[in-house]
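Take a look at the structure set out below.
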Amino acid sequence: MFGLIGKFTAAEGQRDALIDILLDGLQGMPGCISYVVARDPADATAIWVTEVWDNADSHKASLTLPSVQAAIAKARPLIAGMQSVAATEPVGGVGIG
């Protein structure tokens, strides 16, 4: 398995709108086992995204899907910053076997 933990910083006042876009672009992503979008309770602009994929190639392929490309285009103006915090190798847990 392949995992990612990323942090988005939304433009001021745009966090909930950005969250809506991130959650809306999730349909039909082959190989996606888990995709969690969370608010940072200590930072009104921060969003954490935790992903689990069957492998890194599935994640890379997801970035070419029309629905994901549309979500990226729609989200881009609302993003003040993006940070890849960690790539991980999930080994198990609730919902991922």
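So what is the 222 nm mean residue ellipticity for the chain from helices alone, if each DSSP H run of at least 4 adds -39500 (n - 2.57) and you divide by all residues, rounding to the nearest 500 deg cm²/dmol?
-8000 deg cm²/dmol, from helical runs alone.
How tilted is helix 66-75 with respect to the longest principal axis of the chain? Cα atoms for both, answer in degrees (0 to 90, nearest 10).
30 degrees
If you line up the long axis of helix 15-24 against the longest principal axis of the chain, both from Cα atoms, how many degrees apart are they, to the nearest 10?
30 degrees
Compute the signed sum of charges (Lys and Arg +1, Asp and Glu -1) over the other residues within less than 14 Å, Cβ to Cβ, of S84. Mind showing how you got there, number by number?
Details: positive: K7, K60; negative: E51.
Local charge sum for S84: +1.
Using Cα-Cα distances under 8 Å and only pairs 6 or more residues apart, what relative contact order does the chain have, in percent?
Once divided by the residue count of the chain, the mean separation gives 47 percent.
Could you tell me the convex hull volume per residue, in Å³, taken over the Cα atoms of the chain?
Value for the chain: 95 Å³ per residue.
The numbers here are math on the coordinates, done by the rules we state, and not lab data. Not measured: the values here are computed from a predicted model. Neighbour counts run over all protein chains shown; Cβ positions are idealised from the backbone, glycine included.
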